[in-house]
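Worksheet: the structure to be examined is printed underneath.
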Amino acid sequence: MSIMSYSILKQNILSIAEDEGFINPRILAPFFPADFTREVPPNYAAPSSSLLVAALPYGNQLEQNDDKADASHLGWIAPFARRNYYREAVKRLKRISLKLRQRYGGEKSSFRIFCNSPIPEKPLAETSGLGCVGKNSLIITKTAGSLVILGAMTLPFALTPDKAELKRFDFCRGCDETNPPCKAACPTKALNGDGTINREKCVQWYASGHGSQIPAEVLAHWDRRLYGCSNCQDACPHNRRPIKGTECEEGVLPAGLDARKILTMTDDEIKAFFKGTAMGLSWLGPKTIRRNASIVLGDPTFS
Ligand code: SF4
Ligand code: SF4
């Protein structure tokens, strides 16, 4: 294929990705930048010619926290978890893979999809110029802020890689240097202000099942979160304008769930109830969901 043909191929791939709802799709090559190959499990380091990196917006048009019912037994579910956007992103990446194979050929195994996987998608997004890391530690995109799901797919075509025109914190320039809105909004002061999070202070980290003991100062600010904390994202000016989310009917959950009911459910019942939702992901599990429900009801010792 001539250089010109590869350039047209690249444009076609990017436009197919945009047709599938991804914003700012970019091409990265080679597969992994050298400085983070150490983070990649060996079985993931399959050779590929290029990598498509893209972001699927989930936006902020779903009902917000203050729309949740007031009843004290209801545990809150953060907006990003009220649909299974990971599953939606994978579904759409599969469709892109199929279209590309139908049009340009290639083995199915050459189009390997990564979304919420052990592959660190954030550095891929930053290296490819899809967005830049903000002081909230997340990738911020120009049009959908940090309200996006990142995904990637290997491609068997040697395409010209995109360059990162953005530098880290480029989108944070308008915010107060010492106490930006994301940092000020964090109930547990988990943001360090340099783009990193002190995970052991982060409600979201514990709510996802990490850490054996939740410190008292984190519990004091847990509130009624059954799953997810998004205070730092909600406060960011890039996320406060209306951002249209991708249509998604995968794994729909309400804004609030009865924590008392969760405590009466067996492991199998919890697994069946959350199957296919963002709370059905393997690392969360019934024990964590039950523990979160007990915190909602004011008894963090329950397990
Ligand atoms: S609130 Fe400001 S400093 Fe924080 S991530 Fe958003 S833009 Fe950056
Ligand atoms: S997710 Fe919540 S606890 Fe974690 S850094 Fe953001 S605001 Fe703080």
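Specify the longest stretch of the chain that does not include any exposed loop site, a site being one of the GluC sites (Glu not before Pro) with a non-H, G, I, E, B DSSP assignment and at most 14 other Cβ atoms within 10 Å. All intermediate terms of the calculation are to be shown ahead of the outcome.
Numbers: sites that count: GLU63, GLU107, GLU165, GLU177, GLU247, GLU249.
The longest such stretch corresponds to 178-246.
Quick check on the chain: of the DSSP beta bridges with both residues there, what percent are antiparallel, nearest 5%? Spell out each step's value before the answer.
Working: 21 of 23 bridges.
Among the beta bridges of the chain, antiparallel pairing accounts for roughly 90 percent.
Taking the chain as a whole, which cysteines find no other cysteine Cβ under 4.7 angstrom from their Cβ?
Cysteines lacking a close Cβ partner in the chain: CYS115, CYS132, CYS172, CYS175, CYS186, CYS202, CYS229, CYS236, CYS248.
Given a 10 angstrom Cα cut-off, can you work out which residue in SER50, SER212, SER146 is the most mobile in a GNM of the chain?
Fluctuation is largest for SER212.
Note the full-extension length gain between LYS163 and HIS210 as 0.36 nm times their separation in residues minus their Cα-Cα distance, in nm to one decimal.
Extra length available between LYS163 and HIS210 comes to 13.4 nm.
In terms of the Cα gyration tensor, with a ≥ b ≥ c the square roots of its eigenvalues, is segment 189-303 rounded because a/c is under 1.5, prolate because a/b exceeds b/c, or oblate?
It comes out oblate by the Cα gyration axes.
If each residue of separation counts as 0.36 nm, what is the full-extension length gain between TYR104 and LYS244 once their alpha-carbon separation is subtracted?
Gain on extension, TYR104 to LYS244, equals 47.2 nm.
Counting other beta carbons within 10 Å of each Cβ, put TRP76, TRP222, TRP283 in order, fewest first.
Neighbour counts put them in this order, fewest first: TRP283, TRP222, TRP76.
To test your reading of the geometry: what angle, between 0 and 90 degrees and rounded to tens, separates the Cα axis of helix 3-19 from the longest principal axis of the chain?
30 degrees
Rounded, prolate or oblate: pick one for segment 162-209, where a ≥ b ≥ c are the square roots of the eigenvalues of its C-alpha gyration tensor, a/c under 1.5 means rounded, and failing that, prolate if a/b is larger than b/c, else oblate.
Values: a/c = 3.18, a/b = 1.52, b/c = 2.09.
In terms of gyration-tensor shape, oblate.
Note the full-extension length gain between TRP283 and ALA184 as 0.36 nm times their separation in residues minus their Cα-Cα distance, in nm to one decimal. All intermediate terms of the calculation are to be shown ahead of the outcome.
Working: separation 99, 0.36 × 99 = 35.64 nm, distance 2.93 nm.
So the chain would gain 32.7 nm between TRP283 and ALA184.
Using just the helices of the chain, give the 222 nm mean residue ellipticity in deg cm²/dmol: DSSP H runs with n ≥ 4 each add -39,500 (n - 2.57), and the total is spread over all residues, rounded to 500.
After summing the helix terms and dividing by residue count, I get -8500 deg cm²/dmol.
Is segment 65-201 rounded, prolate or oblate when judged by the Cα gyration tensor, a ≥ b ≥ c being the square roots of its eigenvalues, rounded requiring a/c under 1.5 and prolate requiring a/b larger than b/c?
oblate
Values in this text are rule-based calculations from the coordinates and carry no lab data. Please read all numbers here as calculations on a predicted model, not as lab measurements. Using ideal geometry, Cβ is built from the backbone for each residue, glycine included, and neighbour counts are taken over all protein chains shown.
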